[in-house]
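Worksheet for the structure shown next.
The values are calculated or read from the model by the stated rules, or taken from the named source; none is laboratory data. Since the model is a prediction, treat every value here as computed from it, not as a measurement. Cβ: placed from backbone, ideal geometry, glycine included. Neighbour counts: every protein chain shown. Areas reflect the complete protein model, heavy atoms only, side chains present, ligands, DNA and RNA absent. Shrake-Rupley method; radii C 1.70, N 1.55, O 1.52, S 1.80 Å.
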Amino acid sequence: MGMTMTQKILAAHSGLAEVQPGQLIQAKLDLVLGNDITAPVAIREFYGAGFDRVFDRTKIALVMDHFTPNKDIKAAEQCVVCREFASKHEIQHFYDVGNMGIEHALLPEQGLVAAGECIIGADSHTCTYGALGAFSTGVGSTDMAAGMATGELWFKVPEAIQVKLTGKLGPMVSGKDVILHLIGLIGVDGALYQSLEYTGDGVASLTMDDRLCIANMSIEAGAKNGIFPVDEITLAYMNDRVNREYKNCTADADAQYTRIVEIDLAAIEPTVAFPHLPENTRIVSQAGELLIHQVVIGSCTNGWLSDMAAAAEIMAGQKVHPNVRCLIIPGTQRIYLDSLERGYIKTFIEAGCAVSTPTCGPCLGGHMGVLAAGERCVATTNRNFVGRMGHVESEVYLASAQVAAATALAGKISDPRKM
(Lines give C-alpha, C1' and ligand atoms only; values in the text may rest on other atoms or scores of the structure.)
Protein backbone atom coordinates (compact mmCIF):
# COMPACT_ATOMS: atom_id res chain seq x y z
CA MET A 1 0.00 0.00 0.00
CA GLY A 2 1.29 3.47 -0.88
CA MET A 3 2.26 6.06 1.70
CA THR A 4 1.39 9.74 2.18
CA MET A 5 4.03 12.45 2.58
CA THR A 6 3.78 12.27 6.36
CA GLN A 7 4.01 8.50 6.42
CA LYS A 8 7.10 8.55 4.18
CA ILE A 9 8.88 11.04 6.44
CA LEU A 10 8.07 9.00 9.54
CA ALA A 11 9.22 5.79 7.86
CA ALA A 12 12.54 7.39 6.89
CA HIS A 13 13.12 8.68 10.42
CA SER A 14 12.31 5.35 12.02
CA GLY A 15 14.57 3.32 9.71
CA LEU A 16 11.67 1.42 8.16
CA ALA A 17 10.87 0.74 4.52
CA GLU A 18 7.22 1.52 5.15
CA VAL A 19 4.76 2.33 7.92
CA GLN A 20 1.03 1.84 8.30
CA PRO A 21 -1.60 4.10 9.93
CA GLY A 22 -1.92 3.25 13.61
CA GLN A 23 1.57 1.74 13.82
CA LEU A 24 3.71 2.80 16.79
CA ILE A 25 7.22 3.84 15.80
CA GLN A 26 10.35 5.36 17.34
CA ALA A 27 11.59 8.21 15.12
CA LYS A 28 14.76 10.27 15.12
CA LEU A 29 14.28 14.02 15.50
CA ASP A 30 15.83 16.83 13.47
CA LEU A 31 14.77 19.63 15.84
CA VAL A 32 13.24 20.03 19.30
CA LEU A 33 11.56 23.35 20.12
CA GLY A 34 10.44 24.98 23.35
CA ASN A 35 9.38 28.44 24.51
CA ASP A 36 9.40 30.41 27.75
CA ILE A 37 6.18 28.75 28.96
CA THR A 38 6.75 25.12 27.98
CA ALA A 39 10.55 24.79 28.15
CA PRO A 40 10.90 25.38 31.93
CA VAL A 41 8.58 22.42 32.57
CA ALA A 42 10.59 20.29 30.13
CA ILE A 43 13.86 21.35 31.76
CA ARG A 44 12.61 20.29 35.19
CA GLU A 45 11.52 16.93 33.73
CA PHE A 46 14.89 16.60 31.96
CA TYR A 47 16.84 16.93 35.19
CA GLY A 48 14.26 15.01 37.20
CA ALA A 49 14.73 11.99 34.92
CA GLY A 50 18.46 12.08 35.60
CA PHE A 51 19.62 13.44 32.25
CA ASP A 52 22.73 15.61 32.31
CA ARG A 53 23.36 16.31 28.62
CA VAL A 54 21.35 17.05 25.47
CA PHE A 55 21.54 14.82 22.43
CA ASP A 56 22.71 17.62 20.12
CA ARG A 57 23.07 21.27 21.08
CA THR A 58 22.58 22.30 17.43
CA LYS A 59 19.18 20.59 17.18
CA ILE A 60 17.40 22.31 20.04
CA ALA A 61 15.73 25.72 19.77
CA LEU A 62 14.55 27.78 22.73
CA VAL A 63 12.56 30.91 21.88
CA MET A 64 11.50 33.42 24.52
CA ASP A 65 8.36 34.73 22.85
CA HIS A 66 5.22 34.25 24.93
CA PHE A 67 5.71 36.60 27.89
CA THR A 68 8.70 38.61 26.73
CA PRO A 69 9.72 41.27 27.31
CA ASN A 70 8.79 39.83 30.71
CA LYS A 71 5.40 41.01 31.93
CA ASP A 72 5.86 40.08 35.60
CA ILE A 73 8.13 38.31 38.09
CA LYS A 74 6.87 34.83 37.19
CA ALA A 75 7.56 35.42 33.50
CA ALA A 76 11.05 36.66 34.35
CA GLU A 77 11.75 33.56 36.44
CA GLN A 78 10.58 31.30 33.60
CA CYS A 79 13.06 32.93 31.24
CA VAL A 80 15.89 32.65 33.78
CA VAL A 81 15.39 28.86 33.81
CA CYS A 82 15.70 28.79 30.00
CA ARG A 83 18.70 31.12 29.90
CA GLU A 84 20.61 29.05 32.44
CA PHE A 85 19.82 25.79 30.63
CA ALA A 86 20.83 27.26 27.27
CA SER A 87 24.10 28.53 28.73
CA LYS A 88 24.97 25.30 30.55
CA HIS A 89 24.32 23.09 27.52
CA GLU A 90 25.60 25.59 24.95
CA ILE A 91 22.32 25.55 23.02
CA GLN A 92 23.14 27.07 19.64
CA HIS A 93 19.65 28.31 18.81
CA PHE A 94 18.61 30.37 21.81
CA TYR A 95 16.55 33.48 21.04
CA ASP A 96 15.86 36.16 23.63
CA VAL A 97 14.64 39.76 23.68
CA GLY A 98 16.19 41.77 20.87
CA ASN A 99 16.88 38.83 18.54
CA MET A 100 13.86 36.62 19.03
CA GLY A 101 10.63 36.44 17.11
CA ILE A 102 7.40 34.54 17.48
CA GLU A 103 8.75 30.99 17.37
CA HIS A 104 6.84 29.64 14.37
CA ALA A 105 7.70 32.70 12.29
CA LEU A 106 11.30 32.75 13.47
CA LEU A 107 12.36 29.15 12.84
CA PRO A 108 11.46 29.06 9.12
CA GLU A 109 13.04 32.49 8.65
CA GLN A 110 16.28 31.30 10.27
CA GLY A 111 16.47 28.14 8.14
CA LEU A 112 16.00 25.83 11.11
CA VAL A 113 13.30 23.75 9.40
CA ALA A 114 13.42 22.06 6.01
CA ALA A 115 11.61 19.61 3.77
CA GLY A 116 11.56 15.99 4.86
CA GLU A 117 12.54 16.72 8.45
CA CYS A 118 10.91 15.44 11.64
CA ILE A 119 10.33 18.22 14.16
CA ILE A 120 8.61 18.42 17.53
CA GLY A 121 7.82 21.46 19.61
CA ALA A 122 6.21 21.99 22.99
CA ASP A 123 3.65 24.25 21.37
CA SER A 124 0.60 23.09 19.45
CA HIS A 125 1.27 25.31 16.43
CA THR A 126 4.57 23.56 15.66
CA CYS A 127 2.62 22.08 12.74
CA THR A 128 3.44 25.35 10.91
CA TYR A 129 6.56 23.82 9.35
CA GLY A 130 4.52 21.46 7.21
CA ALA A 131 4.37 24.43 4.83
CA LEU A 132 7.95 23.50 3.92
CA GLY A 133 7.22 19.82 3.46
CA ALA A 134 8.35 18.75 6.94
CA PHE A 135 6.56 16.54 9.46
CA SER A 136 6.16 18.80 12.48
CA THR A 137 3.84 18.47 15.41
CA GLY A 138 3.19 19.79 18.89
CA VAL A 139 3.99 17.70 21.97
CA GLY A 140 3.85 18.06 25.74
CA SER A 141 6.75 19.28 27.85
CA THR A 142 7.57 15.74 29.03
CA ASP A 143 7.99 14.60 25.43
CA MET A 144 10.11 17.67 24.79
CA ALA A 145 12.37 16.64 27.69
CA ALA A 146 12.75 13.15 26.23
CA GLY A 147 13.46 14.61 22.81
CA MET A 148 16.16 16.95 24.14
CA ALA A 149 17.85 14.04 25.94
CA THR A 150 17.60 11.24 23.38
CA GLY A 151 16.91 12.84 20.01
CA GLU A 152 14.06 10.39 19.49
CA LEU A 153 10.34 10.14 20.20
CA TRP A 154 7.56 7.63 19.64
CA PHE A 155 4.63 8.37 17.37
CA LYS A 156 1.47 6.67 16.22
CA VAL A 157 1.47 6.91 12.43
CA PRO A 158 -1.55 9.05 11.47
CA GLU A 159 -4.13 8.45 8.80
CA ALA A 160 -4.52 11.28 6.30
CA ILE A 161 -7.10 13.57 4.75
CA GLN A 162 -6.34 14.93 1.29
CA VAL A 163 -7.29 18.58 0.82
CA LYS A 164 -7.35 19.13 -2.93
CA LEU A 165 -6.99 22.80 -3.84
CA THR A 166 -7.89 24.17 -7.27
CA GLY A 167 -8.02 27.66 -8.81
CA LYS A 168 -6.57 30.89 -7.43
CA LEU A 169 -7.52 33.25 -4.61
CA GLY A 170 -9.32 36.45 -5.46
CA PRO A 171 -8.35 40.00 -4.38
CA MET A 172 -8.16 40.64 -0.62
CA VAL A 173 -8.40 36.89 0.08
CA SER A 174 -5.54 34.98 1.72
CA GLY A 175 -4.46 31.70 3.23
CA LYS A 176 -6.24 32.66 6.46
CA ASP A 177 -9.57 32.62 4.65
CA VAL A 178 -8.72 29.20 3.17
CA ILE A 179 -7.98 27.55 6.50
CA LEU A 180 -10.99 29.15 8.21
CA HIS A 181 -13.15 27.89 5.34
CA LEU A 182 -11.71 24.38 5.73
CA ILE A 183 -12.22 24.33 9.49
CA GLY A 184 -15.76 25.56 8.96
CA LEU A 185 -16.33 22.64 6.58
CA ILE A 186 -14.91 19.78 8.67
CA GLY A 187 -15.05 21.14 12.23
CA VAL A 188 -12.50 21.47 15.02
CA ASP A 189 -12.28 17.69 15.37
CA GLY A 190 -12.73 16.85 11.70
CA ALA A 191 -9.11 15.75 11.29
CA LEU A 192 -8.49 14.42 14.79
CA TYR A 193 -5.03 12.78 14.92
CA GLN A 194 -4.86 12.75 11.14
CA SER A 195 -2.54 14.44 8.72
CA LEU A 196 -4.02 17.19 6.56
CA GLU A 197 -2.19 16.80 3.24
CA TYR A 198 -2.68 19.77 0.90
CA THR A 199 -2.49 18.94 -2.81
CA GLY A 200 -3.80 20.06 -6.19
CA ASP A 201 -2.90 22.63 -8.82
CA GLY A 202 -4.15 25.40 -6.53
CA VAL A 203 -1.14 24.94 -4.26
CA ALA A 204 1.11 26.63 -6.83
CA SER A 205 -0.88 29.86 -6.52
CA LEU A 206 -0.37 30.09 -2.75
CA THR A 207 2.54 32.11 -1.39
CA MET A 208 4.79 30.68 1.30
CA ASP A 209 3.12 32.97 3.82
CA ASP A 210 -0.28 31.57 2.80
CA ARG A 211 1.01 28.02 3.29
CA LEU A 212 2.61 28.80 6.65
CA CYS A 213 -0.72 30.23 7.84
CA ILE A 214 -2.70 27.21 6.61
CA ALA A 215 -0.29 24.67 8.08
CA ASN A 216 -0.21 26.62 11.36
CA MET A 217 -3.96 26.36 11.86
CA SER A 218 -4.27 22.72 10.79
CA ILE A 219 -4.23 21.90 14.49
CA GLU A 220 -7.48 23.87 14.85
CA ALA A 221 -9.17 21.08 12.87
CA GLY A 222 -7.67 18.56 15.30
CA ALA A 223 -4.94 17.47 12.89
CA LYS A 224 -1.69 15.86 14.01
CA ASN A 225 0.01 17.90 11.32
CA GLY A 226 -0.57 19.73 8.06
CA ILE A 227 1.80 19.37 5.12
CA PHE A 228 2.32 20.83 1.64
CA PRO A 229 4.19 19.36 -1.33
CA VAL A 230 7.63 20.76 -2.09
CA ASP A 231 7.58 22.87 -5.25
CA GLU A 232 9.50 25.76 -6.78
CA ILE A 233 8.12 28.21 -4.19
CA THR A 234 9.28 25.95 -1.37
CA LEU A 235 12.72 25.45 -2.88
CA ALA A 236 13.21 29.18 -3.47
CA TYR A 237 12.31 29.87 0.17
CA MET A 238 14.66 27.21 1.56
CA ASN A 239 17.53 27.90 -0.80
CA ASP A 240 17.93 31.36 0.71
CA ARG A 241 17.95 30.00 4.25
CA VAL A 242 18.78 26.30 4.62
CA ASN A 243 22.47 25.38 4.40
CA ARG A 244 22.19 21.60 4.87
CA GLU A 245 20.93 18.70 2.82
CA TYR A 246 17.23 17.94 2.96
CA LYS A 247 14.96 15.34 1.38
CA ASN A 248 11.81 15.93 -0.61
CA CYS A 249 9.27 13.21 0.21
CA THR A 250 6.35 12.90 -2.19
CA ALA A 251 3.14 10.95 -1.65
CA ASP A 252 2.72 7.73 -3.58
CA ALA A 253 0.11 7.69 -6.31
CA ASP A 254 -1.76 4.97 -4.43
CA ALA A 255 -1.52 6.63 -1.01
CA GLN A 256 -4.60 6.00 1.11
CA TYR A 257 -6.74 8.85 2.48
CA THR A 258 -9.73 8.60 4.81
CA ARG A 259 -11.47 11.31 2.80
CA ILE A 260 -10.85 13.93 0.12
CA VAL A 261 -11.96 17.52 0.63
CA GLU A 262 -12.05 19.66 -2.52
CA ILE A 263 -11.77 23.45 -2.30
CA ASP A 264 -11.98 25.90 -5.20
CA LEU A 265 -9.77 28.80 -4.11
CA ALA A 266 -11.55 31.17 -6.49
CA ALA A 267 -14.78 30.63 -4.56
CA ILE A 268 -13.29 31.55 -1.17
CA GLU A 269 -14.50 34.85 0.28
CA PRO A 270 -13.11 36.85 3.24
CA THR A 271 -14.10 34.73 6.22
CA VAL A 272 -14.47 35.32 9.95
CA ALA A 273 -14.61 32.77 12.78
CA PHE A 274 -17.10 33.91 15.41
CA PRO A 275 -16.80 33.04 19.11
CA HIS A 276 -16.02 30.67 20.59
CA LEU A 277 -14.60 28.11 18.15
CA PRO A 278 -12.59 28.40 14.91
CA GLU A 279 -15.26 26.27 13.18
CA ASN A 280 -17.95 28.92 13.76
CA THR A 281 -17.27 30.61 10.44
CA ARG A 282 -19.21 33.09 8.33
CA ILE A 283 -18.27 35.01 5.22
CA VAL A 284 -17.66 38.64 6.08
CA SER A 285 -20.82 39.83 4.34
CA GLN A 286 -22.81 37.85 6.92
CA ALA A 287 -21.02 39.38 9.92
CA GLY A 288 -23.66 42.00 10.64
CA GLU A 289 -23.09 45.29 12.43
CA LEU A 290 -21.01 44.13 15.41
CA LEU A 291 -19.02 46.95 16.98
CA ILE A 292 -15.39 46.10 17.70
CA HIS A 293 -13.21 47.47 20.50
CA GLN A 294 -9.80 46.04 19.58
CA VAL A 295 -7.97 44.74 16.52
CA VAL A 296 -4.78 42.64 16.67
CA ILE A 297 -2.69 42.07 13.54
CA GLY A 298 0.16 39.66 14.22
CA SER A 299 0.84 36.22 15.79
CA CYS A 300 2.51 33.08 14.42
CA THR A 301 -0.47 32.77 12.07
CA ASN A 302 -0.48 36.22 10.47
CA GLY A 303 2.56 38.18 11.55
CA TRP A 304 4.26 37.70 8.19
CA LEU A 305 5.59 40.53 6.02
CA SER A 306 2.75 40.00 3.55
CA ASP A 307 0.27 40.62 6.39
CA MET A 308 2.04 43.85 7.31
CA ALA A 309 1.93 44.88 3.64
CA ALA A 310 -1.76 44.05 3.27
CA ALA A 311 -2.73 45.95 6.41
CA ALA A 312 -0.60 48.96 5.48
CA GLU A 313 -2.13 49.14 2.01
CA ILE A 314 -5.62 49.38 3.51
CA MET A 315 -4.64 51.82 6.26
CA ALA A 316 -2.54 54.18 4.16
CA GLY A 317 -3.80 57.74 4.65
CA GLN A 318 -6.61 56.54 6.92
CA LYS A 319 -7.29 56.70 10.67
CA VAL A 320 -8.21 53.90 13.04
CA HIS A 321 -11.79 54.31 14.30
CA PRO A 322 -11.82 56.32 17.55
CA ASN A 323 -13.50 53.45 19.43
CA VAL A 324 -10.90 50.88 18.33
CA ARG A 325 -7.46 50.04 19.73
CA CYS A 326 -5.35 48.58 16.93
CA LEU A 327 -2.23 46.59 17.81
CA ILE A 328 0.35 45.62 15.19
CA ILE A 329 2.82 42.84 16.09
CA PRO A 330 5.37 41.83 13.41
CA GLY A 331 6.32 38.16 13.69
CA THR A 332 10.10 38.65 13.87
CA GLN A 333 12.71 41.37 14.16
CA ARG A 334 13.48 40.86 10.46
CA ILE A 335 9.83 41.40 9.55
CA TYR A 336 9.74 44.45 11.83
CA LEU A 337 12.83 45.91 10.15
CA ASP A 338 11.56 45.15 6.64
CA SER A 339 8.24 46.77 7.56
CA LEU A 340 10.09 49.82 8.83
CA GLU A 341 12.20 50.11 5.70
CA ARG A 342 9.13 49.79 3.45
CA GLY A 343 7.22 52.45 5.34
CA TYR A 344 4.58 50.15 6.83
CA ILE A 345 5.39 51.08 10.42
CA LYS A 346 5.08 54.79 9.61
CA THR A 347 1.70 54.08 8.01
CA PHE A 348 0.50 52.20 11.09
CA ILE A 349 1.62 54.88 13.54
CA GLU A 350 0.13 57.68 11.46
CA ALA A 351 -3.14 55.73 11.35
CA GLY A 352 -3.19 55.56 15.15
CA CYS A 353 -1.96 51.99 15.74
CA ALA A 354 0.31 50.75 18.51
CA VAL A 355 3.29 48.78 17.14
CA SER A 356 4.90 46.14 19.34
CA THR A 357 8.14 44.19 19.42
CA PRO A 358 7.55 40.56 18.34
CA THR A 359 5.62 38.64 21.00
CA CYS A 360 2.74 36.18 21.34
CA GLY A 361 1.31 38.66 23.84
CA PRO A 362 -2.46 39.06 23.43
CA CYS A 363 -2.96 35.87 21.40
CA LEU A 364 -3.09 33.80 24.59
CA GLY A 365 -4.34 36.59 26.84
CA GLY A 366 -0.81 37.10 28.12
CA HIS A 367 -0.12 40.82 27.81
CA MET A 368 -0.04 43.68 25.29
CA GLY A 369 -3.80 43.74 24.72
CA VAL A 370 -5.86 41.76 27.26
CA LEU A 371 -9.63 42.23 26.92
CA ALA A 372 -12.15 43.33 29.57
CA ALA A 373 -15.63 41.88 30.04
CA GLY A 374 -17.93 42.67 27.13
CA GLU A 375 -15.16 43.70 24.73
CA ARG A 376 -14.87 42.32 21.22
CA CYS A 377 -11.64 41.85 19.29
CA VAL A 378 -10.98 40.99 15.67
CA ALA A 379 -7.63 39.23 15.60
CA THR A 380 -5.42 37.53 13.03
CA THR A 381 -4.54 34.98 15.70
CA ASN A 382 -5.50 31.30 15.64
CA ARG A 383 -7.86 30.63 18.57
CA ASN A 384 -11.00 32.25 19.88
CA PHE A 385 -11.91 30.04 22.83
CA VAL A 386 -13.74 31.41 25.87
CA GLY A 387 -11.37 33.72 27.74
CA ARG A 388 -8.60 33.24 25.18
CA MET A 389 -7.66 36.92 25.07
CA GLY A 390 -8.74 37.98 28.54
CA HIS A 391 -12.05 38.04 30.40
CA VAL A 392 -14.37 35.05 29.93
CA GLU A 393 -17.08 37.48 28.85
CA SER A 394 -14.95 38.97 26.06
CA GLU A 395 -15.16 37.79 22.45
CA VAL A 396 -12.52 37.07 19.81
CA TYR A 397 -13.27 36.97 16.07
CA LEU A 398 -10.61 35.38 13.86
CA ALA A 399 -9.87 36.94 10.49
CA SER A 400 -7.20 37.78 7.93
CA ALA A 401 -4.98 40.84 8.07
CA GLN A 402 -7.10 42.39 5.34
CA VAL A 403 -10.37 41.98 7.25
CA ALA A 404 -8.70 43.08 10.50
CA ALA A 405 -7.31 46.27 8.93
CA ALA A 406 -10.66 47.15 7.35
CA THR A 407 -12.36 46.53 10.69
CA ALA A 408 -9.91 48.78 12.53
CA LEU A 409 -10.88 51.66 10.25
CA ALA A 410 -14.63 51.05 10.27
CA GLY A 411 -15.09 50.10 13.94
CA LYS A 412 -17.10 47.06 12.88
CA ILE A 413 -16.33 43.84 11.01
CA SER A 414 -15.87 44.97 7.40
CA ASP A 415 -15.18 43.62 3.93
CA PRO A 416 -11.72 44.80 2.78
CA ARG A 417 -12.87 44.61 -0.83
CA LYS A 418 -15.18 47.56 -0.16
CA MET A 419 -12.68 49.85 1.53
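Computed values, structure above
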read-out: Qualifying residue in region 273-288 (condition: open to solvent by less than 70 Å² (accessible area, probe 1.4 Å), on the phi > 0 side of the Ramachandran plot and out of contact with any Ser or Thr (no Cβ under 6 Å at 6 or more places or on another chain)); value: yes
read-out: Residue match in region 356-369 (condition: in a helix (DSSP H, G or I) and either within 15 Å of residue 311 (Cα to Cα) or at pLDDT 95 or above (or both)); value: no
read-out: Enumeration of residues in region 226-252 that are of a type in the set (A, V, I, L, M) and either more than 30 Å from residue 110 (Cβ to Cβ) or surrounded by 14 or more Cβ atoms within 10 Å (Cβ to Cβ) (or both); value: 227, 230, 233, 235, 238, 242, 251
read-out: Residue that is most open to solvent (accessible area, probe 1.4 Å) [pool: residues in region 1-39 that are part of a helix (DSSP H, G or I) and either touching a Leu at 6+ places or on another chain (Cβ under 9 Å) or free of Cβ contacts under 8 Å to residues at least 60 places away in the same chain (or both)]; value: 13
read-out: Out of 297, 329, 260, sole residue that is open to solvent by 30 Å² or more (accessible area, probe 1.4 Å) and touching a strand residue (DSSP E or B) at 6+ places or on another chain (Cβ under 7 Å); value: 260
read-out: Failed item, numbered, when residue 163 is tested on (1) surrounded by fewer than 24 Cβ atoms within 10 Å (Cβ to Cβ); (2) closer than 30 Å to residue 418 by Cβ; value: (1)
read-out: Some residue of region 204-215 being assigned to a loop (DSSP other than H, G, I, E, B), buried (at least 24 other Cβ atoms within 10 Å of the Cβ), out of contact with any Cys (no Cβ under 9 Å at 6 or more places or on another chain) and among the aliphatic types (A, V, I, L, M); value: yes
read-out: Options 223, 255; residue that is touching a strand residue (DSSP E or B) at 6+ places or on another chain (Cβ under 6 Å), crowded, with 19+ Cβ neighbours inside 10 Å and over 29 Å from residue 297 (Cβ atoms); value: 255
read-out: Filter result for residue 105 (crowded, with 22+ Cβ neighbours inside 10 Å and part of a helix (DSSP H, G or I)); value: yes
read-out: Region 166-198 - residue that is open to solvent by less than 20 Å² (accessible area, probe 1.4 Å) and hydroxyl-bearing (Ser, Thr, Tyr) and, of those, nearest to residue 260 (Cα to Cα); value: 198
